[in-house]
Amino acid sequence: MNEPIHNDVSSAMPTSLNHLKGQSHVKQQIAVALDSCQMDNLKFDHSLMVGGPGLGKTNFAKIISCEMASDYQEVLGQSITSFSDLNAVLLKATDKSIIFIDEAHELKKEFQTSLYLALDNRKIIVSGGNSPTTIPLADFTLLLASTDEHCLLPPLISRMCLLLRFNYYSEDELQIILKQRSIALGWDVDDFVFKIISERSRGTPRLALRLLQACRRVCRSLGETNITVEHLMKSCELEQIDNKGLGITEQQYLQIIADGMTRLNVIASKIGLPSQTVSKVIEPYLIRSGLIVKDDQGRRQLTEIGHLHVSYLCSTDV
């Protein structure tokens, strides 16, 4: 019997630790922790997941919940805007359940303090009238995910028993993930498509799967069922993604500094974005991929690889 065909990459997410590819060290840490707490019939340890966006932190949190057969609730750090919001999340938890706070660095400092005190005391204090009320908490597991651990209070970090550091994926790992997901979705994809997508995905599964979804969209718009390199190239053209996975804004950035050292405020002004957005969103991958460097005065310039890529951009439309 043929597997059902799905239309969205997110409709076939892995549900077991063994099904996840990449992040071998993180998987080993989690596997040991799972075995330990299941042998002793304990909850999973409080954990902090650290790494860039799109590396699978949320998937791992959900899989920990599946492996533990625990209740699961997920909340964004920035969505907690009051102590009432935080207390509502904590009071909803049951013994051994999982509370996953994504973008935990967005929590205000006072909420972080309240959170680690709640972990220590297994209770919260609610002010009301002349006599505050103490409410006990369940023995839950707190999972925090952050792209910027330095914005978390040290006392909160110290309460996390596991520190799980997520690294960028190799191209081989991305190809395995793409092929695994395509099979689960029932999509027919040429093998060379996986290779090209992995080269353009910045070591990030989320970007790889997003591009695979774009390929599928182009394929179906033509009434076809087999995803080919031609569909991929058309997707990259529509998304304005070049052969290194750079979008139009990153391409503009490189062309701006092609003539020599340039300061951040000049680059931001020419692109039309705030300087902070340029430095925190656009530049990290350009630096990691060796396309640009910064000098001691903070001026940006192209590397030899960067100059070669700008030459490529000038000679092609993608």
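The numbers here are math on the coordinates, done by the rules we state, and not lab data. Only a predicted model underlies this, so the values are computations on that prediction, with no experimental measurement involved. No Cβ is skipped: glycine too gets one built from the backbone with ideal geometry, and neighbour counts run over all protein chains shown.
If only the Cβ of Lys and Arg carry +1 and only the Cβ of Asp and Glu carry -1, the dipole of region 248-315 around its Cα centre is close to 180 debye.
Checking the table K21/K244; K27/K234; K92/K179; K57/K195 against a 27 Å threshold on Cα-Cα, which pairs fail? Violating the 27 Å Cα-Cα cut-off are K27/K234; K92/K179. Between Rg and the Kirkwood Rh of the chain, both from Cα atoms, what is the Rg to Rh ratio? Result for the chain is an Rg/Rh of 1.03. Taking a Cβ cut-off of under 13 Å around I197, the surrounding Lys, Arg, Asp and Glu residues balance to a net charge of +2, with basic ones at +1 and acidic ones at -1.
For A69 and K92, the FRET efficiency from 1/(1 + (r/R0)^6), where r spans their Cβ atoms and R0 equals 22 Å, is about 0.80. Considering helices alone, the calculated mean residue ellipticity of the chain at 222 nm is -13500 deg cm²/dmol, with DSSP H runs of length four and up weighted by -39500 (n - 2.57) and normalised per residue.
Taking the charge dipole of region 119-243 about its Cα centre, with +1 at Lys and Arg Cβ atoms and -1 at Asp and Glu Cβ atoms, the residue from T133, L153, Q213 reaching farthest to the positive side is T133. What do you get for the angle between helix 24-39 and the principal long axis of the chain? Use alpha-carbon atoms, 0 to 90 degrees, nearest ten. So the inclination is approximately 20 degrees. Amide H to amide H, with H built 1.01 Å from N, L164 comes under 5 Å of L48, M49, V50, counting only residues 5 or more places away or on other chains.
Let me spell out the model: positive unit charges on the Cβ of Lys and Arg, negative unit charges on the Cβ of Asp and Glu, origin at the Cα centre of region 171-239. What dipole size does that give, in debye rounded to 20?
Dipole about the Cα centre, nearest 20: 340 debye.
The charge dipole of region 23-165, taken about the Cα centre with unit charges on the Cβ atoms of Lys, Arg (+1) and Asp, Glu (-1), comes to about 100 debye, rounded to the nearest 20. Could you work out how far helix 57-68 tilts from the main Cα principal axis of the chain, as a 0 to 90 degree angle to the nearest 10? The angle comes out at about 40 degrees. Where Rh is the Kirkwood radius over the Cα pairs of region 79-160, the temperature 37 °C and the viscosity 0.692 mPa s, what D in µm²/s does Stokes-Einstein return? The calculation lands on 249 µm²/s. At a Förster radius of 35 Å, what calculated FRET efficiency corresponds to the Cβ-Cβ distance of V266 and E110, to the nearest 0.05? Efficiency, from the Cβ-Cβ distance: 0.35. Annotation: peptides 84-96, 244-256, ranked by per-residue average of other Cβ atoms within 10 Å with the highest first, follow the order 244-256, 84-96. Helix 171-185 and the longest principal axis of the Cα set of the chain meet at an angle near 70°.
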